[in-house]
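Notes to accompany the following structure.
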Amino acid sequence: MRQDGLYIKFVPVHFSFKKIQLDNLKRHYVRTYDPIREYGGWGIKYGFGGKVYNVSGNRGVQLKFTNKKNLLIGSQKPEQLNSAIEQYLKNITKLESI
């Protein structure tokens, strides 16, 4: 997380960080998933549930957007990532109300 959003870098595919816009985020939560059954393995994949960035493991943060797109970000520390997203959204809401 940065002050202006969520950035990820999937080496060796991304040479620079990719910004994930959270403006139209409807819901986010930690979940366990089956990388092979749901997405066909690890990596940058597409499945019935949307897109996934995943290197290893079977836990991550599910992002659901108002445009009905879904993104799952695999993480070894999904609770911390989810908490950082929550904090970012709270800070944005505070700034918008000023």
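The values are calculated or read from the model by the stated rules, or taken from the named source; none is laboratory data. If you're wondering where the values come from, they're calculated on a predicted model, not measured in any experiment. Cβ sites come from the backbone with ideal geometry, for glycine too, and all protein chains shown count toward neighbours.
Scanning the stretch 16-27 for residues that are closer than 10 Å to F65 by Cβ, touching a strand residue (DSSP E or B) at 6+ places or on another chain (Cβ under 7 Å) and not aliphatic (A, V, I, L, M) turns up Q21, N24, K26, R27. Residues being on the phi < 0 side of the Ramachandran plot, aliphatic (A, V, I, L, M), in contact (Cβ under 8 Å) with a residue 24 or more places away in the chain and in contact with a Lys or Arg (Cβ under 7 Å, 6 or more places away or on another chain) are entirely absent from the stretch 77-98. The strands (runs of 3 or more DSSP E) falling completely within the stretch 1-45 that include 1 or more residues that are touching a residue at least 24 places away in the same chain (Cβ under 8 Å), under 13 Å from L89 (Cβ atoms) and charged (D, E, K, R) map to 25-32. Exactly one condition in (1) out of contact with any Ser or Thr (no Cβ under 7 Å at 6 or more places or on another chain); (2) at pLDDT 90 or above is not met by G49; state its number. Going through the list (1) out of contact with any Ser or Thr (no Cβ under 7 Å at 6 or more places or on another chain); (2) at pLDDT 90 or above, G49 breaks only (2).
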